[in-house]
Every structure is written in structure tokens, then in C-alpha cells.
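Notes for the one structure printed next.
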Amino acid sequence: MRIRLAPGTTLTNVDGKDVLFSVRSGDSYGLNETAARMVRLALEMGLDDASARLADEYGATRAELRGDLDVLIGELVQLKLAEACSDQGG
């Protein structure tokens, strides 16, 4: 599964902190360094590949990282800052 930012949402760095910002709602969501890395990799690679890369980087199991990633992405989807999409990019 892949994710994308919801329409009207940007991921930017403001004063050294990564922030998701929705121009539709005006809401912003600050990400710590680890969460920002997780989101960026998930956007770029998809959840499975991002979990594998993060597991290697952080010395954790894929299952642990996938669980953490699923929780984070689930929260972003619930806040309407991200959307799940098929692996084919649709």
C-alpha cells in the first residue's frame, strides 16, 4: 500500500521542524524527526518498503516498524492530511 498527501496538504520544514499543513482546513501537524522520516519514506516508497528501510536504520523488526508506521499514517488519514492509495499509484 502507498500513501499520498491529501489534496491541499504540504509537507514543509519550518524553522527546522517538519510540518504537514492543510490549506483547506488551516490545520497544521508537527512531526518529530523520526515521524518526518517515516512519512517521507512512506510517500516515496510505499509502506512495505519504508518499513524495511526503517527497520534497518533503527535496528528494529519490520513488524515493529510497520505497526508504528500504520499508527502514524492512520492518524494522518483520520486528520485528512494523507490518503491511502493502491500500489499502482491510483
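Got a number for residues in the stretch 55-79 being of a type outside the set (Gly, Ala, Ser) and more than 12 Å from the chain's Cα centre (by Cα)?
Initially, the stretch 55-79 is screened for residues of a type outside the set (Gly, Ala, Ser), giving 56-58, 61-62, 64-66, 68-73, 75-79.
Applying the additional criterion that residues be more than 12 Å from the chain's Cα centre (by Cα) yields 56-58, 61-62, 64-65, 78-79.
Total meeting the criteria: 9.
Which of the residues that make up the stretch 16-35 are part of a helix (DSSP H, G or I) and among the aliphatic types (A, V, I, L, M)?
Of the residues in the stretch 16-35, the ones part of a helix (DSSP H, G or I) are 33-35.
Of everything in the stretch 16-35, just one residue is part of a helix (DSSP H, G or I) and among the aliphatic types (A, V, I, L, M), namely ALA35.
Conditions (1) touching a strand residue (DSSP E or B) at 6+ places or on another chain (Cβ under 8 Å); (2) at pLDDT 95 or above, marked per residue:
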{"residue": "ASN13", "(1), (2)": "yes, no"}
{"residue": "LEU20", "(1), (2)": "yes, yes"}
{"residue": "ARG40", "(1), (2)": "yes, yes"}
{"residue": "GLU44", "(1), (2)": "no, yes"}
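So in the stretch 1-15, with the set limited to residues that are in a loop (DSSP other than H, G, I, E, B) and in contact with a Leu (Cβ under 7 Å, 6 or more places away or on another chain), which one is farthest from GLN78 (Cα to Cα)?
Residue satisfying both the conditions and the ranking: MET1.
Checking the structure you have, find out if any residue of the stretch 36-49 is of a type in the set (Lys, Arg), touching a residue at least 12 places away in the same chain (Cβ under 8 Å) and in a helix (DSSP H, G or I).
Within the stretch 36-49, one or more residues are of a type in the set (Lys, Arg), touching a residue at least 12 places away in the same chain (Cβ under 8 Å) and in a helix (DSSP H, G or I).
Please determine, by comparing only the residues of the stretch 51-90 that are β-branched (Val, Ile, Thr) and surrounded by fewer than 15 Cβ atoms within 10 Å (Cβ to Cβ), which one is farthest from ASN32 (Cα to Cα). Don't jump to the end; show me each part of the working.
The first filter runs over the stretch 51-90 and keeps only residues β-branched (Val, Ile, Thr), leaving 61, 71, 73, 77.
Now restrict to residues that are surrounded by fewer than 15 Cβ atoms within 10 Å (Cβ to Cβ): 61, 71, 77.
Values: THR61: 21, VAL71: 15, VAL77: 18 Å.
This residue is THR61.
Regarding GLY26, is this residue without any contact (Cβ under 8 Å) to a residue 12 or more places away in the chain and either among the β-branched types (Val, Ile, Thr) or loosely packed, with under 15 Cβ neighbours inside 10 Å (or both)?
Values: without any contact (Cβ under 8 Å) to a residue 12 or more places away in the chain: yes; either among the β-branched types (Val, Ile, Thr) or loosely packed, with under 15 Cβ neighbours inside 10 Å (or both): yes.
Answer is yes for this residue.
The values are calculated or read from the model by the stated rules, or taken from the named source; none is laboratory data. Since the model is a prediction, treat every value here as computed from it, not as a measurement. Because the Cβ atoms are built from the backbone with ideal geometry, glycine has one as well, and the counts that use them run over all protein chains shown.
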